[in-house]
Amino acid sequence: MIQFSPEQITEELQEFAARLAQGAKMLGEVGEIEAGVSPRDPVYQEDKLTLYRYRPRVAQPHPVPLLIVYALVNRPYMMDLQEDRSLIRGLLDAGLDVYLIDWGYADAEDRWLTLGDYVHRYIGHCVDVLRERCAQDTINLLGVCQGGALSLCFAALYPAKIRNLITMVTPVDFHTPDNLLTHLIRHVEVDALVDTFGNLPGQMLNFTFLSLSPFRLTGQKYVDVVDILDDVQALKNFLRMEKWIFDSPDQAGEAFRQFAKEFFQQNKLVRGEVMIGEQRVELRNITMPVLNVYATQDHLVPPAASKALAEHCGSRDYSEFSFKGGHIGIYVSSRAQREVPPTIASWLLER
């Protein structure tokens, strides 16, 4: 066992205190932390929703637009965090015409929105806007995490409108043994929760996500940050991530009620029993080409939960891409920038 003298301990504590003091000064000089760096323009708005088009980075982008449907529980700028960490920029550089649904922030007037509103109305209207705007009968759809589950529902209900479907870290089978989030949610009295709060507070959901990896996400990273307090760029990168992690919109009560009960607790998606409005979602109706992207070290959506799509969808052109990383690393790591956008773009351009 390593032993330290009182003098060594004192010296170490003094150095640590000096780093903290210098870090406090540096934090005061960092300034505003911006995220979402690629220029974009609103092309459609409805209620809290804004549909953005990212400005192309090639002279002639591909004529079939790519619509990104992000999750409701976090903000989509994770996909465009900064210049050197932007999956969206990578897709633009590959020549794709990229659009994204920004859900905005739900408030009291959104309390009664259902999954039918999100799938039939919001996603449906955005898809139709792009079909008309780009003069295309079908568009490409990229669903991310919970947005991937909503995209699966839309593609199953409206297959004639989707040319190619990409799902990214998307849960399909919510009852795989390693799904920690399901293990937590299956014991929640969802009806009582929604009836009490109305909209589910984003902070409550965020606490739940952090609790899945408490040491790494709520302790160790704040100890490690001491080592970068003298590096302005590294500190800004850390603060961008912190901004995103804690930027959690409230969830529309009725939509959350249905998603928590029917997807997490009852696993109805893989059983073909989810009802979106008056229509039943059957994954076998997804017959367009499908690319399923998952992360091998994902603590929120384990690989088995995503790979179940191969068994349940009806596509004869089904592909998978396995990314060696985690749920957040698939957006922001240097490996992700090298691998994920080129894989998605090349797969799409072949079709």
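The values are calculated or read from the model by the stated rules, or taken from the named source; none is laboratory data. Computed from a predicted structure; not experimentally measured. Positions of Cβ are generated from backbone atoms using ideal geometry, with glycine treated the same way; all protein chains shown enter the neighbour counts.
Taking every residue in the stretch 271-282 that is within 13 Å of residue 259 (Cα to Cα) and pairing it with any residue that is surrounded by 15 or more Cβ atoms within 10 Å (Cβ to Cβ) and basic (Lys, Arg), at least 6 positions away or on another chain, the pairs with Cβ-Cβ distances below 8 Å are 274/268.
Among what's in the stretch 97-119 and is among the aromatic types (Phe, Trp, Tyr) and in contact with an Asp or Glu (Cβ under 9 Å, 6 or more places away or on another chain), pick the residue that is nearest to residue 191 (Cα to Cα).
So in the stretch 97-119, the residues among the aromatic types (Phe, Trp, Tyr) come out as 99, 103, 105, 112, 118.
Subsequent filtering for residues that are in contact with an Asp or Glu (Cβ under 9 Å, 6 or more places away or on another chain) retains 105, 112.
On the way: 105: 22, 112: 14 Å.
Out of the qualifying residues, it is 112.
Per the listing 150, 87, 96, 92, the residue uniquely in contact with a His (Cβ under 6 Å, 6 or more places away or on another chain) and buried (at least 23 other Cβ atoms within 10 Å of the Cβ) is 96. In the stretch 271-287 there is no residue that is surrounded by 21 or more Cβ atoms within 10 Å (Cβ to Cβ) and under 24 Å from residue 204 (Cα atoms).
Considering the stretch 301-335, the residues that are assigned to a helix (DSSP H, G or I) and in contact with a Leu (Cβ under 7 Å, 6 or more places away or on another chain) include one that is surrounded by the most Cβ atoms within 10 Å (Cβ to Cβ), namely 331. Screening residue 263 on (1) buried (at least 18 other Cβ atoms within 10 Å of the Cβ); (2) more than 20 Å from residue 172 (Cα to Cα) shows it passes everything except condition (2).
Considered as a group, the residues in the stretch 288-300 that are aliphatic (A, V, I, L, M) and assigned to a loop (DSSP other than H, G, I, E, B) include one that is surrounded by the most Cβ atoms within 10 Å (Cβ to Cβ), and that residue is 288. Within the stretch 306-328, residues that are over 21 Å from residue 267 (Cβ atoms) reach partners that are among the acidic types (Asp, Glu) and part of a loop (DSSP other than H, G, I, E, B) with beta carbons closer than 7 Å, at six or more positions or on different chains, in the pairs 326/298. Answer yes or no as to whether residue 351 is out of contact with any Ser or Thr (no Cβ under 7 Å at 6 or more places or on another chain), closer than 23 Å to residue 159 by Cα, modelled with pLDDT under 95 and surrounded by fewer than 16 Cβ atoms within 10 Å (Cβ to Cβ). Yes; evaluated as a whole, the condition is true for this residue.
Consider the stretch 179-193 and keep the residues that are at pLDDT 85 or above and assigned to a helix (DSSP H, G or I). The one that is surrounded by the fewest Cβ atoms within 10 Å (Cβ to Cβ) is 192.
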